[in-house]
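Here is the structure we will look at, set down as structure tokens.
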Amino acid sequence: RRRLVHRWAVEGYSSERLGMSANAMAETYFTELKNRSMILPSRESVHSRKSIDSCKVHDLIRDIAISKSTDEILVFRLEEGCVLSTHGTIRHLAISRNWKGDQSEFESIVDLSRIRSLSVFGRCEPFYISDKMVFLRVLDLEGTTGLQYHHLDNIWKLLHLKYLSLRGCSGIDLLPDALGNLRQLQVLDVKGTWVNALPKTIIHLRKLQYIHAGRESNVVSAEKYSLMCRCLPGACLCATCCLPFLWAIDGPFHKVLTRRDACAYACCVEFPGFLTGVDEERGATVPRGTRKLKDLHTLREVNVGRGSAVLQDIEMLTGLRK
């Protein structure tokens, strides 16, 4: 649902009307399609009994939509066995997980300069993100594999980009500062990546409406379990010699700590606290100056640990809803 609503808004399928924003209108369209059973819920929302998080298209409607989009060349699916012939002007490209072509084949099939939206399923090859896509508005890489930080080097050249989703791309741990050149960007979704800090240049993206960062809880749990398996034997061995010294003091800073006391505090207090999630931080830090993002209505799973300056910035975002 989230994915559909945002894409409808940035691609122009919904627009401001009767005092409602493009996103609100997209939500209305989604609800209407659901009420008419043209789309069917596949997972109920965990936040509301009246809402759904994901959906599927009715089989009949899906067949009609595929046929219509093929006839009008609305969407072209790049998949194994597709014919290398003239397909007309392709504006919306979807790359299937079973397509294994190389860069030369990719560029021979599609006129990249005409592409308005790119959706990738499965593995994302570096040449999929091309600076030749000068009119690209939507780059949807959600759930893809193989994507690394350096594959985003040319993304700053996509000056018309409005929607960027790297959700679930576990190979991404950093966003380039050049992201600040994407002045048309409205949606930035890096949920489920290892991005711990949003770039300072993000405050230049004055049209930004939606930011979602932070790691998935199951990813954090898996990482902690892996760390525990590697470190617990050593921690237990260390604790054997340190515990008597830890019991002898009222607190870790009650007296001047010896080297062994410090070791005891680290392996018997801090380490277990880390493993149990007491100090867990899943959100990405935001830079100072976010108050300049006046159009922002959603800022999810960020870390405000930098202090009051960041909180004051957020307080100034009067349009913020989440």
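In a residue-by-residue description of the range 138-156, the property of being assigned by TED's automatic domain parsing to the domain that holds Val195, over 19 Å from Leu174 (Cα atoms) and surrounded by fewer than 19 Cβ atoms within 10 Å (Cβ to Cβ) applies to no position. Screening the range 40-88 for residues that are surrounded by 10 or more Cβ atoms within 10 Å (Cβ to Cβ), among the polar types (S, T, N, Q) and more than 23 Å from Glu27 (Cα to Cα) and picking the one that is modelled with the highest pLDDT gives Ser67.
Anything in the range 165-178 that is out of contact with any helix residue (DSSP H, G or I) (no Cβ under 8 Å at 6 or more places or on another chain) and either part of a strand (DSSP E or B) or not aliphatic (A, V, I, L, M) (or both)? List them, or say none. Scanning the range 165-178 gives Arg167, Gly168, Cys169.
The values are calculated or read from the model by the stated rules, or taken from the named source; none is laboratory data. Everything numeric here is computed off the predicted structure, so don't read it as measured data. Ideal geometry is used to build each Cβ from the backbone, glycine not excepted, and the neighbour counts take in all protein chains shown.
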